[in-house]
1. Among the listed residues Lys109, Lys78, Lys87, Lys82, identify the single one that is more than 13 Å from Cys54 (Cβ to Cβ) and among the charged types (D, E, K, R).
2. Quickly run through segment 575-597 and pick out the residues that are surrounded by 17 or more Cβ atoms within 10 Å (Cβ to Cβ) and over 18 Å from His289 (Cα atoms).
3. Mind telling me which of the residues Ala84, Ala132 ends up being in contact with a Lys or Arg (Cβ under 6 Å, 6 or more places away or on another chain) and assigned to a helix (DSSP H, G or I)?
4. Have a look at Val346, Val440 and point out the one that is in contact with a Lys or Arg (Cβ under 7 Å, 6 or more places away or on another chain) and open to solvent by less than 50 Å² (accessible area, probe 1.4 Å).
5. Could you grab me the full set of residues in segment 433-450 that are farther than 12 Å from Leu487 by Cα, of a type outside the set (D, E, K, R) and touching a residue at least 12 places away in the same chain (Cβ under 8 Å)?
6. Can you find a residue in segment 315-324 that is surrounded by 19 or more Cβ atoms within 10 Å (Cβ to Cβ), out of contact with any helix residue (DSSP H, G or I) (no Cβ under 6 Å at 6 or more places or on another chain) and not in a loop (DSSP other than H, G, I, E, B)?
7. Filter segment 135-160 down to residues that are among the hydrophobic types (A, V, I, L, M, F, W, C) and surrounded by 23 or more Cβ atoms within 10 Å (Cβ to Cβ) and give me whichever is farthest from Val277 (Cα to Cα).
8. For a quick check of your reading: which helices (runs of 4 or more DSSP H) sit entirely within segment 464-522 and have at least 1 residues that are touching a Ser or Thr at 6+ places or on another chain (Cβ under 9 Å), buried (at least 21 other Cβ atoms within 10 Å of the Cβ) and modelled with pLDDT under 95?
Amino acid sequence: MSAALELEGLNANAFASWAAVYDEQENPLLSLEERFLSRMLPDSRGRDVVDVGCGTGRWLAHFAGAGVASLCGLDSSKAMLKAAARKRLSNTRLIHAELPFIPLDSSSKDLAIASFVLSYILNLEVCASQLARVMRAEGDLFISDMHPDTAAALGWRRSFRSAGQTHEFAAQSRAIGAVIDIFAGKGFELRACLEPHFGQMERDLFAARGREDALHQAAGMPPVYLLHLRRVPSGTAVGKGRAKAALVLSGAECALGPGGRVAASVCVSGGVVTSMVSEVASPVASHAHQLDLDGYLLFPGLVNAHDHLEFALFPRLGSRKYSNATEWALDIQANEVETINLHKRVPKEVRLWWGGVRNLLSGVTRVCHHNPLHPALQDAHFPVRVIENFGWEHSLAFGSDISGAFLRTPPGQPFIIHAGEGVDHTAAGEFAVLDAMGAVDARTVLVHGLALDDAGVARLNGRGAALVVCPSSNDFLLGKTLTRELLQRVDRVALGSDSPLTAAGDLLDELRFAQRTCGLDADQLHEMITEGASRILHLEGGEGTLRVDAAADVIAVRQRAGTPAEILCSSSWRDVELVIIGGQVRLASLELFGRLPPPLRQHLTPIAVEDELRWMSGPVLSRLRSAEDVLGVGNVRAGGLRVARAEA
């Protein structure tokens, strides 16, 4: 009997028994893998996907509802495939395959996943060759497995328990570098190698089993490893299996979602993240600029779903609590004329620019400006990226052609409008009026929605519409915010900073306010300013995520205890020490300016923000002079923060 057949024979009965209980047994290793791998995966819409070693369909279920072009699962265990078939996953074909051989057409797939399966395949060379044959050029392969070093150190076995009996599997242990090299030899280039550690979710699973001892033994050791490999076109040199980079951010931990952080170097080129690799697979990038971020935690740039950028230099205006936003607008236009006219004397492009700075300081890299797109917002030197592709009207009170604006909004773009911004009967009826116009569907994004009740939320969800909330503005104007209970029932919700006319500060101030006043938990708030906001605004460049091929929009804060979501929810602008947009450094603190390679410092100018220095790109001093010419030296405030020339 060959070694391969012997390995298969040893495992066949165990897999058959495991299939009966696989979905019932919560596994900390699978939990850890799912938390991190789900954040590494690209948008799979329109892709042809294969799950190699699909088991009972754990990952097939993820892809089945993701708009893939086709989906198939392969497995050597008929019992596992029968369990997967019982899930009746749509658009899914299940195939019995004697792995490592893959009975699929050549160049037929552009996304493949092999989750905890390669250790059971004796001849990995053959498997890699088969995957290389099946994958199209530029196709993505994701691999996960038990970490060989941790398994060896702790004596871990591949096993499970059923009916009081322990079943063990025969498996091959391979060094991570060896796996990477085998696939590199078959035309796969390394894009990501992550070695995550157990988090709170896994700690809870260990505690539920009474296995805290196993958790403690694994402290400081990565239980799994995750690889992202890309099939390079035939005849293209793989380059030692590592993607090239122009900038390498090394030494930091990376936030992958609200609860995941992992040590990895982030490589950037052409405005996107090209690779994320742990120490075991450190990139070969001697030609790249390298920035040592030891002691820092990297987040994706934040997405601000609602702002009026031209009001950044204004103070808060309003003398009382109002019934609705229209009443407030009419009041300040009548009673705050002097203040409004003074600030309007600052050229509009300058006011807009300071609106960008207000966002930049708080780690925002993409902002939705709810007003006409001024040419200044498209300038390459504008502090942040301003979202351009959406339809909009101001509100029912101040809109001129709501139905027309909605109809002109393409299906792939959001239609954004203020609605329900009040506590009176008028505000309460605005959503119903919009719905009666036929202006509420999956494109629709309501801003504020303070007047929504349970029935309104149900209708909002039923139409597939979304909500952007700005709690500090609502509290200042109207003395009310949406409740935690209601917000948790909204399927699609994001957070916006609104303008300094009414808001407490910047997006991080809004984040803390929402947590304190609305009682939202850190994980939900994290989603509302990263991936959740990106989806609502139909951003398609990976904004709000930190993964390969996403826009290289990255911010850095100092490491401290807590999950990424908890750290973000306790941060202020002072904690944001680095902002990179499209691979370009836009902001740096005193500490990180000193760490920047000299070529990356040349375009940065120091400015004093309150009592701290920040180095920023763009025409900082000329924009400051333009504002000071009207408001006076020492009187320029961006989102309430005093800005001035840096002292020599």
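1. Answer to the check: Lys109.
2. Passing the criteria: Asp575, Val576, Glu577, Ser589.
3. That would be Ala132, the only listed residue that is in contact with a Lys or Arg (Cβ under 6 Å, 6 or more places away or on another chain) and assigned to a helix (DSSP H, G or I).
4. Answer to the selection: Val440.
5. Val433, Leu434, Met437, Gly438, Ala439, Val440, Ala442, Thr444, Val445, Leu446, Val447 - these are the residues of segment 433-450 that are farther than 12 Å from Leu487 by Cα, of a type outside the set (D, E, K, R) and touching a residue at least 12 places away in the same chain (Cβ under 8 Å).
6. So far as segment 315-324 goes, no, none of its residues is surrounded by 19 or more Cβ atoms within 10 Å (Cβ to Cβ), out of contact with any helix residue (DSSP H, G or I) (no Cβ under 6 Å at 6 or more places or on another chain) and not in a loop (DSSP other than H, G, I, E, B).
7. Met135
8. none
The values are calculated or read from the model by the stated rules, or taken from the named source; none is laboratory data. Since this is a predicted model, take the numbers as computed values, not measurements. Neighbour counts run over all protein chains shown; Cβ positions are idealised from the backbone, glycine included. Please note that ligands, DNA and RNA were not included when accessible areas were found on the heavy atoms of the full protein model with its side chains. Shrake-Rupley method; radii C 1.70, N 1.55, O 1.52, S 1.80 Å.
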